[in-house]
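Take a look at the structure set out below.
The values are calculated or read from the model by the stated rules, or taken from the named source; none is laboratory data. Since this is a predicted model, take the numbers as computed values, not measurements. Glycine gets a Cβ as well: all are built from the backbone with ideal geometry, and neighbour counts include every protein chain shown. All accessible areas refer to the heavy atoms of the entire protein, side chains included, with ligands and DNA or RNA removed. Shrake-Rupley method; radii C 1.70, N 1.55, O 1.52, S 1.80 Å.
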Amino acid sequence: MERRPRENPLRRRLPLWPIPLLWTLALGLWGLSRRHSVWRDEAATWQVARRPVADIWHMLGQVDAVHGLYYLLMHGVFACFGAGTTALRLPSVLAMAVAAACVTVVGQRLAGVWAGLAGGLAFGLLPAVQFYLQEGRPYALVAAGAGIATLLLVTALEGRARPVHWVAYAGTVAVCGLLNWLSLLILPAHLATLLWVRAPRRIWRYWAPAATLALAAVLPLILFSRRQSAQVSWIPPLTWHMLIGPAVLLTIGGLAALLDRPCAGRLSPAAVGLPLLAVPQLGLLGVSLVRPLFLDRYVLFSMLGLALLIGTALGTAVRVSRPRFPRAAPWLVPLAVTVAVVALLPQSLAKRSPSSRVDDVLAVAADVRRLKQDGDAVVFVPAARRDTALVCPDDFAGLLDIALAKGPVESGTLKGEEAGPARIREAMLAQRRILLVTDVPAVARPVSAERDRTKAAVLKEHFTVVADVQVRGRRVTAYERL
């Protein structure tokens, strides 16, 4: 084995993981507010997290139980720091920074300083990571948990684990599963690693019960959330073009793994990173053949494996070039990171703009405030666009929500319960002016609900447009009675 006399003193004197942690933190804080925009998924977090705990619990019995733990966590964050884009997204930034630190520690242990540093820095630059780095949803927290669980597994495979490490492993995987139960795909990924390295029997004696305990902790949520499966009915079935992204990732990961000279029975970055990248992707594809569920964010944590493999490839390049170019070799990683930053800069800027998301609930709320007049009513098509009013109630003050029969808090839902079509028609015909909040045509889905068709028909037949504003994926139209 090649000796690295310069690495050992560095590892003893100064930990390496703070560098990628601070790097990822800086990337997350850069443009965090996205010009003060919040899109529909984040709006769900915003409006639910501001409810009392009892009301959140009531809602979870009806809808969105899969995100229950995250909503309760964000309720605590909002209670401490107030509702705002910073409080909404900062937990994700911090979580991704922790994930980057975990990649660094694992890479350093398995392949040396440069592999760990390169992997941790690369993680924050991955396009998928940059997107969800500033997202008020649970996927970054799952990535952090997956990073911690993987680090604990590597610690065990190095022969340094005590029972408390396995307790922490089971607890971490369970928390990840409660944040998003599809994150349990990390268990077959870790299983593949154990098989790859031919883990000794003592490891299996601890891993199997820990994995079983984690699964048992999440199983009630899995069974209960099946009653709410209509929430994901909009996810389309698998198509060939949906396989392009996973195929590209797996190809890149496979090529990077080849540089590690993977072999069975050896704990290496390939043995850890390749299963972590491939198994969740392939597992979700397999699940989606039975029920369409393929969304890249559900397996965002697999990017940990890709970053580890990229870091190992760069670390190998440094090691190979050191004998011939001893002065230039240490600059390979900084140079590669610089090139990546420059190459990805247009995409990085795009992901920090409001247009990176399908809509913006805050921008249209400002237009509602400007267009509304005393005595106006408001309707939403579809009803889910009521999220604008729930996030920005002050902008809708004085407007009568004439279709709403039962509010979101009272009904334990995200969008409330609306009256029947006949009742909505009657209420609309009694108004002089109505504001319609909906999607812009480019992102609007065909109107399917009878209530929404009734709203559109009444407005077309009995009202005329006096103002129409489209901004960042949302549209507000003012109608006056003919």
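The table below gives the values:
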| item | result |
| --- | --- |
| By accessible area with a 1.4 Å probe, ligands and nucleic acids excluded, highest first: order of 139, 206 | 206, 139 |
| Degrees, to the nearest 10: 303-321 long Cα axis against longest axis of the chain | 40 |
| Angle in degrees between helix 139-157 and the longest Cα principal axis of the chain, rounded to the nearest 10 | 20 |
| Table column - 3J(HN,Hα) (Hz), segment 165-181, Karplus curve with 6.51, -1.76, 1.60, x for Gly and Pro | 5, 6, 4, 5, 4, 4, x, 5, 4, 5, 4, 4, x, 6, 7, 6, 5 |
| Signed unit charges on C-beta, dipole axis of segment 376-464, positive-most listed residue 389, 434, 464 | 464 |
| Gain upon complete extension [residue 226, residue 72; 0.36 nm per residue less C-alpha separation] | 53.4 nm |
| J(HN,Hα) series, segment 248-253, from Karplus relation 6.51 cos²θ - 1.76 cosθ + 1.60, nearest Hz, glycine and proline x | 5, 4, 5, 5, 4, x |
| Spin-label pair residue 429/residue 343, simplified geometry with 7 Å Cα→Cβ offset, distance in nm | 6.4 |
| Solvent-accessible area of residue 479 with every protein chain in place, 1.4 Å probe, in Å² to the nearest 10 | 40 |
| C-alpha long axis of helix 201-225 to longest principal axis of the chain, angle in ° | 0 |
| Hydrodynamic radius of the chain per Kirkwood, over alpha carbon pairs, in Å | 24.3 |
| Accessible surface of the chain [probe 1.4 Å, protein heavy atoms]: carbon and sulfur percent | 64 |
| Where 207, 240, 57 fall by accessible area, highest first, once all protein chains stay in place (1.4 Å) | 240, 57, 207 |
| Percent RCO, i.e. relative contact order, over the chain, from Cα pairs under 8 Å lying at least 6 residues apart | 17 |
| Solvent accessible area, Å² - residue 349, 1.4 Å probe, full protein context | 90 |
| Accessible area (Å², 1.4 Å probe, nearest 10) - residue 472 | 100 |
| Segment 272-394: relative contact order as a whole-number percent, Cα under 8 Å and 6+ apart | 17 |
| Segment 12-107: relative contact order in percent, alpha carbon pairs under 8 Å with at least 6 residues between | 50 |
| Rg and Dmax [Cα atoms of segment 265-348; Å; Rg one decimal, Dmax integer] | 17.1, 55 |
| Cβ crowding within 10 Å averaged over residues, with 328-334, 39-45 ranked highest first | 39-45, 328-334 |
| Radius of gyration and maximum dimension Dmax of segment 361-482, Cα, Å | 13.1, 37 |
| Alpha-carbon centroid distance for the pair segment 118-183 / segment 405-482, whole angstrom | 43 |
| Number of Lys pairs (Cα under 20 Å; 8 or more positions apart or on different chains) in the chain | 5 |
| Size descriptor, Kirkwood hydrodynamic radius, that averages inverse alpha-carbon separations across segment 160-302, Å | 16.5 |
| Relative packing of 382-390, 112-120, 228-236, which averages over residues the other C-beta atoms within 10 Å, highest first | 112-120, 382-390, 228-236 |
| Size of electric dipole in the chain: Cβ of Lys, Arg +1 and of Asp, Glu -1, about Cα centre, debye, nearest 20 | 1760 |
| Accessible area expressed per residue, the chain, with surrounding protein chains retained (probe 1.4 Å, Å²) | 45 |
| Accessible-area ranking of 374, 468, largest first, probe 1.4 Å | 374, 468 |
